1. Can you list residues from other chains, or at least 5 along the same chain, whose modelled amide H is less than 5 Å from the amide H of G49?
2. Rounded to the nearest Å, what's the spacing between the alpha carbon centres of the range 267-281 and the range 157-190? Just the number, please.
3. Name the residue from T191, P209, S230 whose Cα lies farthest towards the positive end of the charge dipole of the range 186-238, charges +1 on Cβ of Lys and Arg and -1 on Cβ of Asp and Glu.
4. When 1/r is averaged over all different Cα pairs and the result inverted, which Kirkwood radius in Å belongs to the range 115-169?
5. Order 26-32, 255-261 from most to least packed using the mean count of other Cβ atoms within 10 Å.
6. Just the number please: accessible area per residue for the range 276-324, 1.4 Å probe, all protein chains included, in Å².
7. By per-residue mean of other Cβ atoms within 10 Å, what is the highest-first order of 84-97, 195-208?
8. How much net charge surrounds E284 when only other residues with a Cβ under 11 Å from its Cβ are counted (Lys, Arg +1; Asp, Glu -1)?
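The values are calculated or read from the model by the stated rules, or taken from the named source; none is laboratory data. These numbers come from a predicted model, not from an experiment. Glycine gets a Cβ as well: all are built from the backbone with ideal geometry, and neighbour counts include every protein chain shown. These area figures cover heavy atoms from the full protein model, side chains too; ligands, DNA and RNA do not enter into them. Shrake-Rupley method; radii C 1.70, N 1.55, O 1.52, S 1.80 Å.
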Amino acid sequence: MRLIHTKNLAVKSFGYDVPPYSILSHTWNKKEVSFQDINDVKLRVTLPGWEKVKECCAVAARDGWDWIWIDSCCIDKTNTSELSESINSMLGYYQQAEVCYAYLADVDKDASDIREDFTSSRWFTRGWTLQELLAPKFLLFLDMWWKPLGPREHWTAAITLATGIERKYLMNFRYASVSTKLSWARSRQTTKLEDRAYCLLGLLGVSMPLIYGEGKEAFRRLQRELIMISTDETIFAWSSWEATSYVDTVLASDPSQFRSGLVAQPFDKARRGYAMTNAGLSIEAELWESLTGETIIRLNVAREDAMDRPLVLQLYPIQRGTNCFRVGQDRPLKTWDDTRLYHSLGRRAILILDPDPETSYPNIEEVMHGNPAYVVRLDYHDEIHVHKMSTYRPNPLTGEIKELGPSDLQELVCGLQVDEIQLHPRHCAILEIQLQTTKKPLRFGVTIRPASRFPQYGVWLWDSPEDVEKMLHSFAKDWRRQSPFFINISSHNRVISVSMSPRPKQPFHSCSNSYISGTSGFREFSLRITSEDSSLRRRRNAISRVSPIRTVSPPLVPPKQADPPIFSNHQEQNAIDKE
């Protein structure tokens, strides 16, 4: 551990005999003083961050502290092993410090509304300052002029307003559940995506190597490490508020999916732990089934306002008769309902699969729960009229198709433009369209169904209501089908064609019941419907198939070379060679 002397500003390394020291908590700027810079006396005075180091040392020296630790210049960040060791030990650094100075660079003590400036400070929005707020024994806030604002205990109400952390956890955060601790970081930001997980290592009591470049996998790896040392099942009770409203993973992908207000309760006292395997969560639990066929397990988790009612996790069997399941439920989790009739299926050792959300699956059955929402703009001629759209929710595991009811096109416009529709990631849509150019109105259907990267679509004749049933049965029977439907059909001397292509995202108005409201997890496409005369189409295709007349040129023949001269004897040959 390296410390800076507050009087001569020299850096010294310590082993086990670390003297009493103070510590600085601050938000980083672009030109901070690094470990290499502080050893260069001429260079460090030219850096903007040097003034912060000098002022902080002056404050600590005035309070009687000879040593201080500053993260920007006491860690050699060019040494990856030292950086990993320091981040895993950083919570201990702040806990062992005698005093922590929290420097708020955007707060002025003499401002007219100091409370508002304090709660809106950038210091409360950064990921690394979370443990720097909770870990120190004594925390003193300083304003932009290094004037004391008061200790942490003086600002508890303002801190709760700014961070959402309750006062009882400000005094001792170790009593909070895992989901509560993770919820504290949901609105905090870090420069690197991996640091959203690494800044939580100390609060969760986890040590693991740092791998910058792994992206969101860092937070999933953090949860796996936490499951190995903790029995707190609130880690499974996360909510996909920022996702596309449907998830099939056991582990969350970001701290923003956790909420506070959950506590661990021993409802299932016979449970002897659980473990994350390479396939998913292996757990022994009692299975329950409702009259409607829902399979659930009860978690040892309850809400603070309903301590006697556990949360339940709904499961879908991968195959009937096996103990392999998949999470397939809208979040947040539901509470155990005593009014519903459940019957026990007995205790079993089950496996809940946990697919990687970044993996591209080979069939639609495995990706439909994680698809983005679609915004589709209809582009068609005046002779084509879209009457209504019916949405259906398929279940590829049971083969059932549930109709959600027909909707008028105008009812689907919610924060969108005219002739634009939104498609839920779990639903397929059928558009009823009529063509008015023929003597008898021609009715046909356009189908859109979810896919991982590009929606599958097609057109088909709508002669009778049985056609819709046939189409729906084909959905349930062949969800692994990756090839598109028919993109053009011919009837009554007309050819109807459909095509779809991505388009740039457009600004939308906020809407409470919109699937795309408040999230960026949607994609936009343009669906073009065209109609043309089939005779003109055949004539154009016939012309394109006629090969043009080629002019065949005779092959090029090289000129004939003259025969070599014939000599009567070797003397004449030698004479010519000499010349």
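1. Excluding prolines and chain starts, which carry no amide H, the hits are V33.
2. For the range 267-281 versus the range 157-190, the Cα centre distance is 27 Å.
3. With unit charges placed on the Cβ atoms, the residue in question is T191.
4. Details: mean 1/r = 0.0860 Å⁻¹.
Hydrodynamic radius (Kirkwood, Cα only) of the range 115-169 equals 11.6 Å.
5. Details: 26-32: 14.1, 255-261: 20.1.
Highest-to-lowest ranking by the protection proxy: 255-261, 26-32.
6. Heavy-atom SASA per residue in the range 276-324 reads 48 Å².
7. Values: 84-97: 18.3, 195-208: 20.4.
Output ranking for 84-97, 195-208: 195-208, 84-97.
8. Working: positive: R271, R272, R347, R348; negative: D268, E286.
Net local charge, E284 excluded: +2.
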